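Asker: Sharing a structure here in structure tokens format.
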Amino acid sequence: MKIGDQVRCQAAAEKGLGVIVGQQKLFQHNYVEVFFAGRGETISFPANELLTVQSPEEMVRQQQFSPARRFLLRLFNQQLQASYTSDGLQTAANFKILPLPHQLLAVKYVLNQPSPRVLIADEVGLGKTIEAALIYEELKARGMVERVLIVAPSGLCLQWQEELRQKFDEDFAIYDRETVQTLKQLHGQSTNIWRLKDRIITSLDFIKPKKMNEEIQETALRRRGWHNEHVSEAAAQAGFDLVIFDEAHKLTKDMSGEETARFKAGKVLAETAPCFLLLSATPHQGDSVRFRYLLSLIDPHRFYRGCDLNPENVKAITVRNNKRAVVDFQGQRLFKQRITSLCKISRDKAEDAIELQLYAAVSEYVSKFYNLARQEQNQTMVSGKHWKNVIFHQSQALEKEECDLLGPGHPYMMTVSAKAAQELTMDISARMQVEEGKFAGETGVLFIYKLKLNNYVDRERLFIIPCFISAAGQYHSRISKYFQEMPERVRDLIKIEPGLDWDLLMEKGQNNAERLAESIYYEETLNLEDKIRKQEESRQAYFQAREQALLRIAVDNIRNARLNELQEEMRRFQLQSRRRRQLIPSLNCEQIAYVEFV
């Protein structure tokens, strides 16, 4: 064994293949340091516990072949693993729902944001919560989110929990007063019980801080202080990666601009969570000032106090779908077209004076005083219409709850794929006969190359490149593309055509694989550059808006300190952008097979 050799350890087969990076002899025993790239760790083993893994080229030259079916299964598994790293949605096909086009577009919109902080303002019945759940699953699959908190009206908490369990196979714990008190008794008063679970649902009115003033009795004051410390503040300090607010229009300041308890709860969680989603079908409610306060939770620097609501700024952080525009995958409208007509009613100022006065008075009350009366629990007007809250309004949901949809990114499929990779480690060479009439009579060698692209900031991208070289030494593009899918009629061959120039074939395979990989590399580089450029433009607008907001701070010391923090944040962003542009390629031959078509 020597440094650079690929090895595997039978006692630690789950770690996969590693590369020798160091050797030493201690106490009459040889030890080898092995680096496992997949896990990013280096481990020392006794040398006698390691097996050297031969390359595909060495296996072929030594006439060591695996069964054709196992060879193709390894190829399929590699293609499956490469699909995990694509830019497309990974989890949309994994659950007991069939997402609609507008829902998938909403998820992609959020994922393409420099920071996943948006308002989802679809009309009622279009599946805002499906979109929120899919966004969570996609962020989790990309390693961006582990801990999530969902804040909903108390009447919807159980529905959220049940639907997430049934449709997405996610177990969320509901935190209420009884739960918090029980967990405190079990784990101690000093424990932040919000850190005990990674997936939590709670109600807005429970998590909001209690009002504290001297007029409150001492017992009630202690109780409220305990609540604020162990519920409101502890939740904000728990380090959630993603916070989702349902019915987010309830998070707003009052008409005077004073922060309500609900707004304070949203503000403190918005400041601590890197990923933040607001869900509301009616975020504006006819009040631009309160709408701006709501948007300030997503981006406080773009929507600062007193700013104008620039439509471009609102559009930059908002997903809005209308019923009249959404379609299914066949392009058919999901909802019938609404037909409206204008009916003009003329009123005589003298004869209809009383009616006109009533209309003006009611309009003034609704626009100015109704919301204030509701806050003060002094309501004189109620609605007699009862609306049914449906969390997942999905006409195409699977009928059988016990069934599951297994897409490539499903946890079960990923587990199976990882186990298959361990079992098929040595199946890197084969000789096979493929029954395919359009290529009958062709013989040659199939090379399977893996291209890795990594900038050590974003996820590593993988590409599997089949490359078929005929026995005469010619590259065959149609057969190469043919092996991007799995051939169905395959048999093992007993022997290989004699007289093959393996040195020539391997050189041709390497040259053509490098040519194909170069094309992929430059295409991915251009796509990445375009994506980074758009993110830089968006981020630059964000930095400018934030700088303008900071310049309005009257106190010199505070203003200068905040500006210095902003400069440091801009420097880090620019450094990360430069690192992301450095896309490092790696190309290796993974498998080789002699192929004969009949």
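The values are calculated or read from the model by the stated rules, or taken from the named source; none is laboratory data. Note that the structure is predicted; figures quoted are calculated from it, not measured. Positions of Cβ are backbone-derived with ideal geometry, glycine not excepted, and every protein chain shown enters the neighbour counts. For accessibility, only protein heavy atoms count, side chains too; no ligands or nucleic acids. Shrake-Rupley method; radii C 1.70, N 1.55, O 1.52, S 1.80 Å.
Asker: Output yes when any residue across the range 32-39 is β-branched (Val, Ile, Thr) and in contact (Cβ under 8 Å) with a residue 40 or more places away in the chain, and no when none is.
Answerer: So far as the range 32-39 goes, no, none of its residues is β-branched (Val, Ile, Thr) and in contact (Cβ under 8 Å) with a residue 40 or more places away in the chain.
Asker: Scan Glu49, Glu58 and give me the residue that is out of contact with any Cys (no Cβ under 7 Å at 6 or more places or on another chain), of a type outside the set (A, V, I, L, M, F, W, C) and open to solvent by 50 Å² or more (accessible area, probe 1.4 Å).
Answerer: The unique qualifying residue is Glu58.
Asker: Taking the conditions exactly as written (open to solvent by 70 Å² or more (accessible area, probe 1.4 Å), basic (Lys, Arg) and within 30 Å of Ala265 (Cβ to Cβ)), does Arg324 satisfy them or not?
Answerer: Judged against the criteria, Arg324 is not a match.
Asker: Go through (1) in contact (Cβ under 8 Å) with a residue 12 or more places away in the chain; (2) under 27 Å from Leu462 (Cβ atoms); (3) assigned to a helix (DSSP H, G or I) and name the single condition Asn48 misses.
Answerer: Failed condition: (2).
Asker: Turning to a different aspect of this structure: Scanning for something among the acidic types (Asp, Glu), touching a residue at least 60 places away in the same chain (Cβ under 8 Å) and on the phi < 0 side of the Ramachandran plot, does the range 3-24 turn up at least one residue?
Answerer: Scanning the range 3-24, I find at least one residue that is among the acidic types (Asp, Glu), touching a residue at least 60 places away in the same chain (Cβ under 8 Å) and on the phi < 0 side of the Ramachandran plot, so the answer is yes.
Asker: Next question, about the same structure. In the range 160-192, how many are open to solvent by less than 60 Å² (accessible area, probe 1.4 Å) and more than 33 Å from the chain's Cα centre (by Cα)?
Answerer: 1
Asker: Moving on to the next point. Restricting attention to the range 62-77, which residues are buried (at least 19 other Cβ atoms within 10 Å of the Cβ) and in a loop (DSSP other than H, G, I, E, B)?
Answerer: Phe65, Ser66
Asker: So which residues in the range 223-268 are in contact with a strand residue (DSSP E or B) (Cβ under 7 Å, 6 or more places away or on another chain) and open to solvent by 60 Å² or more (accessible area, probe 1.4 Å), if there are any at all?
Answerer: None - no residue of the range 223-268 is in contact with a strand residue (DSSP E or B) (Cβ under 7 Å, 6 or more places away or on another chain) and open to solvent by 60 Å² or more (accessible area, probe 1.4 Å), so the list stays empty.
Asker: Residues that are over 32 Å from the mean Cα position of the chain (by Cα) and among the hydroxyl-bearing types (Ser, Thr, Tyr): does the range 19-35 have at least one?
Answerer: yes
Asker: Would a scan of the range 549-572 turn up a residue that is open to solvent by less than 70 Å² (accessible area, probe 1.4 Å), within 23 Å of the chain's Cα centre (by Cα) and in contact (Cβ under 8 Å) with a residue 12 or more places away in the chain?
Answerer: No, that holds for no residue.
Asker: Now a separate question. Give the number of residues within the range 274-290 that are among the aromatic types (Phe, Trp, Tyr) and open to solvent by 20 Å² or more (accessible area, probe 1.4 Å).
Answerer: 0
Asker: Take the range 519-548 and flag every residue that is exposed (fewer than 14 other Cβ atoms within 10 Å of the Cβ) and either assigned by the TED database to the domain that holds Leu297 or of a type outside the set (S, T, N, Q) (or both).
Answerer: Answer for the range 519-548, where residues must be exposed (fewer than 14 other Cβ atoms within 10 Å of the Cβ) and either assigned by the TED database to the domain that holds Leu297 or of a type outside the set (S, T, N, Q) (or both): Tyr522, Glu523, Leu526, Glu529, Asp530, Arg533, Lys534, Glu537.
Asker: From the list Glu351, Glu312, Glu271, which one is in a loop (DSSP other than H, G, I, E, B) and either open to solvent by 70 Å² or more (accessible area, probe 1.4 Å) or not charged (D, E, K, R) (or both)?
Answerer: Checking each option against the conditions leaves just Glu351.
Asker: If I ask for residues that are open to solvent by 70 Å² or more (accessible area, probe 1.4 Å) and over 30 Å from Ile428 (Cβ atoms), which ones from the range 573-598 would you list?
Answerer: Of everything in the range 573-598, those that are open to solvent by 70 Å² or more (accessible area, probe 1.4 Å) and over 30 Å from Ile428 (Cβ atoms) turn out to be Gln574, Leu575, Gln576, Arg578, Arg579, Arg581, Gln582.
Asker: Only one of these is surrounded by 14 or more Cβ atoms within 10 Å (Cβ to Cβ), over 30 Å from the mean Cα position of the chain (by Cα) and closer than 17 Å to Leu587 by Cα: Leu446, Leu493, Leu462, Leu453. Name it.
Answerer: Answer to the selection: Leu446.
Asker: What are the residues in the range 193-222 that are open to solvent by less than 30 Å² (accessible area, probe 1.4 Å) and farther than 27 Å from Val145 by Cβ, if any?
Answerer: If the condition is that a residue be open to solvent by less than 30 Å² (accessible area, probe 1.4 Å) and farther than 27 Å from Val145 by Cβ, then Ala220 is the only one that fits.
Asker: Under 8 Å between Cβ atoms, at least 6 apart or on separate chains: pull out the pairs that start in the range 497-512 with a residue that is over 23 Å from Lys481 (Cβ atoms) and end on any residue that is open to solvent by 80 Å² or more (accessible area, probe 1.4 Å).
Answerer: Here the result reads Trp502/Arg61, each pair linking the range 497-512 to a residue that is open to solvent by 80 Å² or more (accessible area, probe 1.4 Å).
Asker: Pick from the range 78-95 the residues that are of a type in the set (Ser, Thr, Tyr) and outside any helix (DSSP H, G or I): which of them is modelled with the highest pLDDT?
Answerer: Thr85
Asker: Could you grab me the full set of residues in the range 517-564 that are acidic (Asp, Glu), touching a helix residue (DSSP H, G or I) at 6+ places or on another chain (Cβ under 9 Å) and within 25 Å of Val457 (Cα to Cα)?
Answerer: Within the range 517-564, Glu529, Glu536 meet the criteria.
Asker: Return the pair list, or none, for Cβ contacts closer than 8 Å from residues in the range 164-176 that are more than 10 Å from Arg199 (Cβ to Cβ) and among the polar types (S, T, N, Q) to residues that are assigned to a loop (DSSP other than H, G, I, E, B) and open to solvent by 40 Å² or more (accessible area, probe 1.4 Å), at least 6 apart or on different chains.
Answerer: Listed pairs, sorted by first residue: Gln166/Glu401.
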